[in-house]
1. List the helices (runs of 4 or more DSSP H) that sit entirely inside the range 1-87 and contain at least 1 residues that are small (G, A, S) and closer than 30 Å to A108 by Cα.
2. Yes or no: A20 farther than 22 Å from T122 by Cα and surrounded by 13 or more Cβ atoms within 10 Å (Cβ to Cβ)?
3. With the requirement that a residue be over 30 Å from N63 (Cβ atoms), touching a Pro at 6+ places or on another chain (Cβ under 9 Å) and surrounded by 14 or more Cβ atoms within 10 Å (Cβ to Cβ), what does the range 87-131 give you?
4. Name the residues in the range 33-84 that are at pLDDT below 85, surrounded by 13 or more Cβ atoms within 10 Å (Cβ to Cβ) and under 21 Å from D10 (Cα atoms), would you?
5. Taking interchain pairs and intrachain pairs at least six residues apart, which have beta carbon atoms under 8 angstrom, with the first residue in the range 109-134 and within 30 Å of P17 (Cβ to Cβ) and the second modelled with pLDDT under 90 and not charged (D, E, K, R)?
Amino acid sequence: MENLTESLVDLMRLCSPEGAVVIAVAPFEEMNQLANIFWSHHQNHNIWFEHDVIASLVKLNVNFKRIRIDATLNDPESDETLQNDILSFLLQSLFDRLPIECRELTIAFLKQIGESKNTYLTVPHPVSLIVVKV
C-alpha cells in the first residue's frame, strides 16, 4: 500500500454493498510523534496517521465518521523484560539494543507525558476508528 488514496479506493471497492470500511489508525499525538522518529528511519514507505487517512477521504469526497478511543499504554516500570517488549513494539525497534542515552531519553519522555500509577507508567495511546459506509 504505497498510495493511501488508491488503497482506500480499493478497500471501498472490495466492500459489499451497504457495508462499511473500518480503519483503526493512530492520531499523530505525543506517543506516535515519538514512535514516528524511529519508524521513519527504517520503513520503506510513509507511516500513515489519522490526519493522512482523513485528508485522503476528504480528497475523495467520501463521507466518514471518526470515533476516538482514548486508550492508554501501561509501561511496567518494575518489569524490565516486559517494559523492553512493550517499548520495542511501540518503537518498532529493539529497545534493548538502542544506545543507553536513547533509552533514557525515551523513558524520560514517556514519564513526561504519562502518569505513574503503582508500578506502571500509564501513557496516553489513543486510536481513532474511521468508518466509511459504502
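The values are calculated or read from the model by the stated rules, or taken from the named source; none is laboratory data. Computed from a prediction, not measured in an experiment: that's the story for all the values here. Ideal geometry is used to build each Cβ from the backbone, glycine not excepted, and the neighbour counts take in all protein chains shown.
1. Numbers: elements: 4-14, 30-39, 50-59.
It comes to 30-39.
2. Details: farther than 22 Å from T122 by Cα: yes; surrounded by 13 or more Cβ atoms within 10 Å (Cβ to Cβ): yes.
For A20, the condition - farther than 22 Å from T122 by Cα and surrounded by 13 or more Cβ atoms within 10 Å (Cβ to Cβ) - is met.
3. Within the range 87-131, I113, G114, Y120, L121 meet the criteria.
4. N46, I47
5. Every condition considered, the pairs that remain are V134/P17.
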